[in-house]
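Inspection log for the structure reproduced underneath, given as structure tokens.
Just so it is clear, none of the values below were taken in a lab; they were calculated from the coordinates. Keep in mind it's a predicted model, so treat the numbers as computed, not measured. As a convention, Cβ positions derive from the backbone with ideal geometry for all residues, glycine included, and neighbour counts pool all protein chains shown.
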Amino acid sequence: MSSWTYVSAIREHVGQEVTLKGWLANRRSSGKLHFLQVRDGTGTIQCVMEKKIVGDEPFDAAGALPLESSLAVSGTVREDPRSPIGFELAVTAFSVVAPAGLDYPIQKKEAGTDFLMDHRHLWLRSRRQQAILAVRAEIIRAIRDHLDSQGFTLIDAPILTPAACEGTSTLFETDYFGDKAYLTQSGQLYMEAAAMAFGRVYCFGPTFRAEKSKTRRHLTEFWMVEPEMAFVDLDGDMAIIEDLLVAVVARVLDRRREELKVVERDVSKLEAVRKPFPRMRYDEAIEVLKRAGASVEWGADFGGDEETILSRQHDSPLLVHRYPADVKAFYMKRDPQDPRLALAVDVLAPEGYGEIVGGSQREDDLAVLEASLERHKLPREAFEWYLDLRRYGTVTHSGFGIGIERTVAWICGLPHIRETIPFPRLMSRLSP
Ligand code: 4AD
Ligand code: MG
């Protein structure tokens, strides 16, 4: 057998005999020719099979092979200007690895989203889903490359935790040898500890929120990157967020043009993302919303509707900062200029996408933090270790969390978050 290669590497083999291994995505036949679309995960290539070359029996077998069967095809790579990838394979031999059943559930006809979600394990084979997940992988790689190049150390946070980080109402509880444990809502508190050891750190992992929200923006399990930096204040935090997002957009535009085309993304919208990003105080945001006719009062957190209005007004992500402390988490530092406010920032992605990043400067004063724990009715014992960080060499520090799925939704221009993760967990979905 000739040497095994991938569709993505086919241009290096023009005129050579190669073998591809994959799945039969589609077939068209005319007389003594089959045009087999073979998908191998790196791309799809047309394989032209002639009866007189492969012989009657293999030719008939290929003609009867159900779609989605796995197979190996060997042949000569030739250039073809009509091919979307510029090449096709002139088949010399083919073998079936495993024939698919005739009842492959996902047919060409339009299927509803629920049906496709129920068959997510097969839906992943579609061109569009592959494109979205390839962009996702690129975004993750871009975030990690950027942070790694900026002196950050990756520190993994635990998944099983003894206490809440982001409010007690969205905790998934589990039995831990007779005690209670919770699936982590955020690795942040652990990153604060790590920042006091390493200076600049980040974690990347799954996080869980028992959100009773059936919106296009909420998952119960999502992936988050959470950088944390010692000796950085809110302004520094915002600058780091801005640089990170610029790097991510540039990387996807550079490396995933094809995939953006598949998902029909208007890339001019991404190309318009530029530093400096607009910044706006919460106070100003309230005024903007009122002028736009929203019925929102000072003191309220923004919901999806408010974020949509705000984020439609700019080409680049909008940094909204200094929210009322009462609607934000216990660990955020109060604004010394106005103690009603927290030194918080939310980043609202343009085109109506809304919050993709949430961050803040952290409370670094022991007494103030103790009072905050009490106000939020959080169990003091579970946070003793966290208070130690303020007892032993406390410093100004800040961080943020970027939600991978919401970022993918924005960059791919998707209406709903459910297609941005391989196997979504929603309030109403735990399978497949
Ligand atoms: O704003 P959040 O809740 O902030 C934190 O968890 C902080 N501890 C982060 C930090 O400062 N280290 O969440 C951060 C981001 C949101 O901006 C959003 O992108 C994403 O996580 N996110 C969700 N994504 C999908 N489904 C949900 N239910 C989400 N909740 C938050
Ligand atoms: Mg938030």
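Out of the residues in the range 204-249 that are in contact with a helix residue (DSSP H, G or I) (Cβ under 8 Å, 6 or more places away or on another chain), of a type in the set (A, V, I, L, M, F, W, C) and in a helix (DSSP H, G or I), state the one that is surrounded by the most Cβ atoms within 10 Å (Cβ to Cβ).
Going through the qualifying residues, I end up with V249.
If F172 satisfies all but one of (1) touching a helix residue (DSSP H, G or I) at 6+ places or on another chain (Cβ under 6 Å); (2) of a type in the set (F, W, Y); (3) within 30 Å of E363 (Cα to Cα), what's the number of the condition it fails?
Here F172 meets the rest and fails (1).
When residues of the range 256-268 are filtered for being more than 16 Å from the chain's Cα centre (by Cα) and part of a helix (DSSP H, G or I), how many remain?
6
Cβ-Cβ under 8 Å, sequence separation 6+ or interchain: first residue in the range 252-276 and at positive phi, partner surrounded by 13 or more Cβ atoms within 10 Å (Cβ to Cβ). Which pairs?
E264/G413
I'm trying to understand the selection: among the residues of the range 171-203, which are of a type in the set (A, V, I, L, M, F, W, C) and assigned to a helix (DSSP H, G or I)?
Of everything in the range 171-203, those that are of a type in the set (A, V, I, L, M, F, W, C) and assigned to a helix (DSSP H, G or I) turn out to be L189, M191, A193, A194, A195, M196, A197, F198.
From the list S95, S83, exactly one residue is closer than 15 Å to C47 by Cβ, in a loop (DSSP other than H, G, I, E, B), more than 27 Å from the chain's Cα centre (by Cα) and among the hydroxyl-bearing types (S, T, Y). Which is it?
Answer to the check: S83.
Among the residues of the range 375-402, which ones are polar (S, T, N, Q) and under 30 Å from H218 (Cα atoms)?
S398
Name the residues in the range 144-158 that are surrounded by 14 or more Cβ atoms within 10 Å (Cβ to Cβ), more than 14 Å from ligand 1 (Cβ to nearest atom) and outside any helix (DSSP H, G or I), would you?
Scanning the range 144-158 gives Q150, T153, L154.
Report, by residue number, each residue of the range 353-390 that is touching a residue at least 40 places away in the same chain (Cβ under 8 Å), away from ligand 2 (no atom under 16 Å from the Cβ) and closer than 18 Å to A194 by Cβ.
F383, W385, Y386, L389
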